[in-house]
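S.K.: Please find one structure pasted underneath; my questions will follow.
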């Protein structure tokens, strides 16, 4: 059963570090709600015709963050489904302000939490994640230590993804949304199923 989004505002915005499974969980949650999912990193890649890693290498992080900020603002203002933000998007004060406004209007921001032990196999720590080059595990932990207070600060809900499948994480978020009066369609997916397969995984960039 499909549900109609309200005023083109996301039903939920997912934030968290690389490897927390934001994109995968966004797709799983959107499927349960009969909505569409959107990923701001994919928006940037589509708009520029380049990969995130290429933008970092060729133009630098500052240029990417500017593109990312614009993508986030547009998505928060105009996407009526489930929205996944890149791992570092919440560091932008403008994005924090946009999320605060979204929450004040009744929106839900979900912090998908994950440990290094669980994130490592999901991320793979490959070269498509430019901020994790060098010593990937140490870089990931440093990023998480710095960003955790920000993730927690912008979020209205924290969900632990360690050892859990995307469908299980999506089911918990759906239940929380229902408790807050947000749309909640009947799901045809078993909460222990593998829509998108395996445990909640990370996308190919998500820095």
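The values are calculated or read from the model by the stated rules, or taken from the named source; none is laboratory data. In this text the structure is predicted, and so the values were computed from the model without any measurement. Note that each Cβ is placed from the backbone with ideal geometry, even for glycine, and that neighbours are counted across all protein chains shown.
S.K.: In this structure, does residue 107 turn out to be modelled with pLDDT of 95 or more, touching a strand residue (DSSP E or B) at 6+ places or on another chain (Cβ under 9 Å) and buried (at least 18 other Cβ atoms within 10 Å of the Cβ)?
M.R.: On the way: modelled with pLDDT of 95 or more: yes; touching a strand residue (DSSP E or B) at 6+ places or on another chain (Cβ under 9 Å): yes; buried (at least 18 other Cβ atoms within 10 Å of the Cβ): yes.
Yes, satisfied.
S.K.: Here's a follow-up. Starting from residues that are modelled with pLDDT of 95 or more and part of a loop (DSSP other than H, G, I, E, B), keep the ones in region 17-49 and report whichever is farthest from the chain's Cα centre (by Cα).
M.R.: Selected residue: 49.
S.K.: Shifting gears a bit: Filter region 46-78 down to the residues that are in contact (Cβ under 8 Å) with a residue 60 or more places away in the chain, closer than 19 Å to residue 23 by Cα and in contact with a helix residue (DSSP H, G or I) (Cβ under 7 Å, 6 or more places away or on another chain), then identify the one that is surrounded by the fewest Cβ atoms within 10 Å (Cβ to Cβ).
M.R.: Top of the filtered list is 51.
S.K.: Moving to a separate point now. Restricting to region 79-97, count the residues that are touching a residue at least 60 places away in the same chain (Cβ under 8 Å) and under 14 Å from residue 152 (Cα atoms). Spell out the reasoning first.
M.R.: Initial filter on region 79-97 (touching a residue at least 60 places away in the same chain (Cβ under 8 Å)): 79-90.
Subsequent filtering for residues that are under 14 Å from residue 152 (Cα atoms) retains 87-90.
Count: 4.
S.K.: Going by the structure shown, is residue 176 out of contact with any helix residue (DSSP H, G or I) (no Cβ under 8 Å at 6 or more places or on another chain) and modelled with pLDDT of 80 or more? If you could, list the steps in order and put the result at the bottom.
M.R.: Details: out of contact with any helix residue (DSSP H, G or I) (no Cβ under 8 Å at 6 or more places or on another chain): yes; modelled with pLDDT of 80 or more: yes.
So residue 176 passes the test.
The rows are residues; the columns are (1) under 19 Å from residue 19 (Cα atoms); (2) modelled with pLDDT under 50; (3) surrounded by fewer than 21 Cβ atoms within 10 Å (Cβ to Cβ); (4) under 16 Å from the mean Cα position of the chain (by Cα).
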site	(1), (2), (3), (4)
156	no, no, yes, yes
161	yes, no, no, yes
190	no, yes, yes, no
202	yes, no, no, yes
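S.K.: Same structure again: Run down 152, 100 and say which single residue is over 16 Å from the mean Cα position of the chain (by Cα), farther than 17 Å from residue 25 by Cα and at pLDDT 75 or above.
M.R.: On the way: 152 fails: over 16 Å from the mean Cα position of the chain (by Cα).
That would be 100, the only listed residue that is over 16 Å from the mean Cα position of the chain (by Cα), farther than 17 Å from residue 25 by Cα and at pLDDT 75 or above.
S.K.: Now, a different point. Exactly one condition in (1) under 28 Å from residue 145 (Cβ atoms); (2) crowded, with 21+ Cβ neighbours inside 10 Å; (3) out of contact with any helix residue (DSSP H, G or I) (no Cβ under 6 Å at 6 or more places or on another chain) is false for residue 35; which is it?
M.R.: Among (1) under 28 Å from residue 145 (Cβ atoms); (2) crowded, with 21+ Cβ neighbours inside 10 Å; (3) out of contact with any helix residue (DSSP H, G or I) (no Cβ under 6 Å at 6 or more places or on another chain), the lone unmet condition for residue 35 is (1).
S.K.: To continue, here is another question. Please verify whether region 66-86 includes one or more residues that are touching a strand residue (DSSP E or B) at 6+ places or on another chain (Cβ under 8 Å) and assigned to a helix (DSSP H, G or I).
M.R.: The answer is yes, given that some residue of region 66-86 is touching a strand residue (DSSP E or B) at 6+ places or on another chain (Cβ under 8 Å) and assigned to a helix (DSSP H, G or I).
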